[in-house]
Amino acid sequence: MSHNTMKSPTVKVKQGFLRGSIKSNVDGGEYISFQGIPFAEPPLGELRFKDPEPVKPWTGIRDAVDEDKVSLQMDNFTKQIVGSEDCLYLNIATNSLSGKKAVMVFIHGGGFIFGYNHSKLYSPDYLLKHDVVFVSINYRLGMLGFLNMNVEDCPGNQGLKDQVLALNWIQENIEAFGGDKNNVTIFGQSAGSASVHCLCLTSSNKGLFHRAILQSGSMANPWAYRPSNNDVGFKIAKELGKETTNPEEVLKFFMSLPPEKIVEEQTKRLLQSFSFTKLDLIFGPTKDCERSRPYFLESADELMKKGIQIPVIIGYTSHEGIALLDNEQDESFETFKNDFENILAYDLKLNVKKVSEFAKDIRKFYFKDESNPIKQRDGCIDFKTDTLFTIGILDTIEKQINKKTPTYVYRFSHNVQNSCLKVVYNIKMEGVVITGAAHCDDLNVLFHIPFIGDDKKLRKDTQDYLLMRRMTKMWTDFAKTGCPTPKLDDLINVEWKPFTNDEKWYLEIQDKLTVNKNLDEEKKKLWKPILNQRNIQL
């Protein structure tokens, strides 16, 4: 039955019947939407910190039209607590329920502590114009998703295991929505990209997906992985009234608290370590290979050395660090001048003694001969871009050199007209909007983002709209074929070549698409000595 005649499209999945809805595509036409589909049992009560369990079957027809059940968090935009522990749901959008179309599964970012799959941020209108099946998933965040007390009932990486269970559900059911379970691409941005990297490196996930896209995030980034976080668990327990060195007692205490109380306290601690000069996301993936049901079967270092074994796109924006600008920029730049070595050590998670011998060269590279970084705003942005994003991602790319499967590398440097991040945070300096491709700016030309307002949606006579057409075409062609530029035409007029040991190609995504070699080679040479201290080999 054509979906144009279906008022309430209904499908049968393994667990029961689902009733969706018809939505208007912002770019013209309609599509079928199923929102708030449960893929796991609600992680309530004794399941709070445990591995997720598959959702049980239901009777009758379940409405799938509500996407507001998101992971409990302090909303990064409204600064209000939103969501609940009952959050393990996914959304599916498709143009038709027939056929076997390529499936694209999006994992949202947010530092592992906030974010959601809601269509107000990630509406798939533009991607659906290329006739794919789009899926977006939620997962547990913060302490509820990543606290690791090194005990079986709180083993860590719960949020990553949520993602795996969602992918298993997709394998079981996506063909009911017109998708091909044997052609699934996972893609994510920021912490979502680091999650994609985690998924790719874990051998037990083989067969759940077949291609991957990493946007602005890698396990090699200093914020994306830490061996343990139980020290933070003990500190938060103490702040809430329970001082002990027994992890079982801490877990029992956390189980007795309302979840909102946990989120409030973790947010206070996050805000103490979240600024332009110093960033520590406190919760995220951790070592758990000693648990009975681990996510990581080996240490993260060993896994990263093996690289990604499927076709992959990896890249970043040119000025990721803009995301950290705040309303006290002058003070932040002054701190750079006075505390540079400590900031460098903090960003790289190294002892300050290990970085001191390299700090002079690093400072000179980013701030030239200017002794007062307060006048070097751009140098500060570049420095934070590289320490927190670029260098780790370049390392991840280098580990793909000898892989049999292709790796496609990009840098997104287009200055979008209505940057979601710049609009929301009103990022300016001296009354002038900061230019450069900020963290998240690539999302502006992949998704329709109703959250930033109808007056800021893409207009068809703009460079942003043209770039949207190009980028969604390449992303969906990669999902369909494993190659982002299988056919050249007036829209896509350059061949995006794979990155290899002999020819290190990358695509510059800006007003025009250009293919170049040796991405940020000068920076790689600069950072190689110091990153050897972190076992990162450029």
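Placing unit charges on C-beta atoms (Lys and Arg positive, Asp and Glu negative, everything else neutral), compute the dipole magnitude of the chain about its Cα centre in debye, rounded to 20.
Working: 69 positive and 71 negative charges, 220 e Å.
Result for the chain is approximately 1060 debye, rounded to the nearest 20.
When the Kirkwood radius is taken over all Cα pairs of region 80-168, what Stokes-Einstein diffusion coefficient follows at 10 °C and 1.306 mPa s, in µm²/s?
Estimated diffusion coefficient is 110 µm²/s.
By the gyration tensor of its Cα atoms, with a ≥ b ≥ c the square roots of the eigenvalues, what is the shape of region 211-355: rounded for a/c under 1.5, prolate for a/b over b/c, or oblate?
oblate
What pairs from Lys14/Lys100; Lys181/Lys460; Lys100/Lys399; Lys287/Lys404; Lys360/Lys504 go past 24 Å between their alpha carbons? Write down the numbers at each step before the final one.
Numbers: Lys14/Lys100 18 Å; Lys181/Lys460 34 Å; Lys100/Lys399 33 Å; Lys287/Lys404 28 Å; Lys360/Lys504 29 Å.
Result: Lys181/Lys460; Lys100/Lys399; Lys287/Lys404; Lys360/Lys504 exceed 24 Å.
What is the order of Ile32, Ile492, Ile113, Ile107, fewest Cβ neighbours within 10 Å to most?
Starting with the residue having the fewest Cβ neighbours, the order is Ile492, Ile32, Ile113, Ile107.
Measuring from label point to label point, each 7 Å out along Cα→Cβ, what is the Asn516 to Ser292 span in nm?
In this crude spin-label approximation the distance works out to 5.4 nm.
What is the distance, in nm, between label points placed 7 Å from the Cα along the Cα-to-Cβ direction at Trp58 and at Lys457?
With each label point 7 Å from Cα toward Cβ, the separation is 2.9 nm.
Can you tell me how much longer the chain between Val26 and Val65 gets when fully stretched, taken as 0.36 nm per residue apart minus their C-alpha distance, in nm with one decimal?
So the extension gain works out to 12.2 nm.
On full extension of the chain, what length is gained from Leu47 through Glu503, given 0.36 nm per residue of separation minus the C-alpha to C-alpha distance?
My answer for the length gained is 159.2 nm.
Can you compute the modelled spin-label distance between Leu466 and Asp231, with each label point 7 Å from Cα toward Cβ, in nm?
The modelled label-to-label distance comes out at 5.2 nm.
Residues of region 117-155 with backbone nitrogen within less than 15 Å of a virtual label 7 Å along the Cα-to-Cβ line of Phe77, please, listed as ranges.
Zone members listed by number: 117-124.
Does region 1-118 classify as rounded, prolate or oblate by the C-alpha gyration tensor (a ≥ b ≥ c root eigenvalues; a/c under 1.5 gives rounded; else a/b over b/c gives prolate, otherwise oblate)?
Oblate is the answer for region 1-118, as a/c is 1.5 or above yet b/c matches or exceeds a/b.
Laboratory data are not the source of any read-out in this text; all were calculated from the coordinates shown. Being a predicted model, the structure only gives us computed values, none of them experimental. Glycine also receives a Cβ, built like all others from the backbone with ideal geometry; neighbour counts cover every protein chain displayed.
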